[in-house]
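This report refers to the structure that appears directly beneath it.
The values are calculated or read from the model by the stated rules, or taken from the named source; none is laboratory data. Model, not experiment: these values are computed from the prediction. Quick reminder, even Gly has a Cβ in these numbers, built from the backbone with ideal geometry, and neighbours come from all protein chains shown. These accessible areas exclude ligands, DNA and RNA; they are computed on the full protein's heavy atoms, side chains included. Shrake-Rupley method; radii C 1.70, N 1.55, O 1.52, S 1.80 Å.
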Amino acid sequence: MGPTGASPSALPEPLAGSVAVTTPESALDNPVWASLSGVHAHVAIAHGRAARYPPEMSPFAAVSDDKDPDAWGDLAALVGPGALLGFAGLKSLPPPGWDVVTAVPAVQLLGDDLAPRADPEAVRLGVADVPEMLDLVARTQPGPFGRRTVELGTYLGIRRGGRLVAMAGERMRFPGRTEISAVCTDPAHRGEGLATRLILATALRVHARGDRPFLHVVVSNMDAIRLYEALGFTARREMSFVQMRTPLA
């Protein structure tokens, strides 16, 4: 039992007879915007055709159409000059003045053929677990994770000797799809299958809502790609995670 007091038996059961929702391709092509303009609209910081997550939740921002210079103008006005933002899946670069800091090649994978299952050791993680979660993230570097990221969806963890050693959870979400994210395992416990168990347990909760899982992984992480493909994920598209700084003027 973890600091939140949650035990495996306390986790909600999947909803019986849930019906899968069809996701438009445009949502998968622009997942940050689809999330911020939909399921996560209640946390979005928005202006016109642009939105971002609160920085302590996620560095990601998005525009409704990356070919629309006015949408980029809305985002620049929203966050101000010289702000550093993250983007996922851009097909077009912004107008002149935006500074591309980093661009990391990645692939988007769909988990439509996954066989989710419950895990007897998985416990739900909450606000009280954030210090442990941040410590695990610092040791494993699964990607951006802040002190409020846990509010974006359900996060599950496995403990050994009372210490959090593996976790996975939900990040972007829109009708029909939920992203599995922050999949990480303490180096001392890799090879025990903990990531696989947590991915499948998280996917079970996703299925219970009638959604299907998807995820993103950088192309250099071949071990993770092989794991995801072995579980039933299939590649949908290549993309990039891009960090950009807003215009200074």
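Cα gyration tensor of the range 106-164, axes a ≥ b ≥ c as square roots of the eigenvalues: rounded (a/c below 1.5), prolate (a/b > b/c) or oblate? It is oblate, given that a/c is not under 1.5 and a/b is not larger than b/c.
By definition, a body whose alpha carbon gyration tensor gives a ≥ b ≥ c is prolate when a/c is 1.5 or more and a/b is larger than b/c, and the range 158-220 fits this prolate description. In a fully extended conformation the segment linking Ala128 and Asp223 would gain 31.1 nm over its present Cα-Cα distance, using 0.36 nm per residue. The H on the amide N of Thr154, modeled in the peptide plane, is under 5 Å from the matching H of Glu170, each at least 5 residues off or on a different chain.
The Ala208 and Gln243 beta-carbon pair, evaluated with R₀ = 41 Å, returns a calculated FRET efficiency of approximately 0.75.
Taking a ≥ b ≥ c as the square roots of the eigenvalues of the Cα gyration tensor, an a/c ratio of 1.5 or more together with a/b no larger than b/c marks the range 200-249 as oblate.
Computed over the range 62-182, relative contact order equals 16 percent, with contacts defined as Cα pairs under 8 Å that lie 6+ residues apart.
Note on the chain: GNM, Cα springs under 10 Å; of Asp135, Asp223, Asp65, the largest mean-square fluctuation is that of Asp223. Mean residue ellipticity at 222 nm, helices only, the chain: -7000 deg cm²/dmol; runs of at least 4 DSSP H residues each add -39,500 (n - 2.57), and the sum is divided by the number of residues. The distance from the alpha carbon centre of the range 144-167 to that of the range 102-118 is 19 Å, rounded to a whole number.
The residue among Ala182, Gly232, Ala201 whose Cα reaches farthest toward the positive pole of the charge dipole of the range 128-237, with charges on the beta-carbon of Lys, Arg, Asp and Glu, is Gly232. Apolar share of the accessible surface for the chain: 55 percent from carbon plus sulfur atoms, 1.4 Å probe. When Rg and Dmax are taken over the Cα atoms of the chain, they come to 18.0, 55 Å.
In Å², what does the accessible area per residue of the chain work out to with a 1.4 Å probe?
44 Å²
Full extension of the segment from Asp65 to Thr102, taken as 0.36 nm per residue of separation minus the current Cα-Cα distance, would add 11.2 nm.
Loop-located GluC sites (Glu not before Pro) across the range 153-245 with a Cβ neighbour count of 16 or fewer within 10 Å are Glu192, with loop assigned by DSSP. For GluC sites (Glu not before Pro), no site in the range 76-159 is both called loop by DSSP and has at most 12 other Cβ atoms within 10 Å. Rank Arg124, Arg148, Arg177 by mean-square fluctuation in a GNM of the chain with C-alpha springs under 10 angstrom and give only the top-ranked residue. Maximum fluctuation in the GNM of the chain, among the listed residues, is at Arg148. Taking the C-alpha atoms only, the angle from helix 69-79 to the longest principal axis of the chain is near 70 degrees. Across the chain, Cα pairs under 8 Å and at least six residues apart give a relative contact order of 30 percent.
When the chain is treated as a Gaussian network with alpha carbon springs shorter than 10 Å, the biggest mean-square fluctuation among Arg197, Arg205, Arg226 belongs to Arg226.
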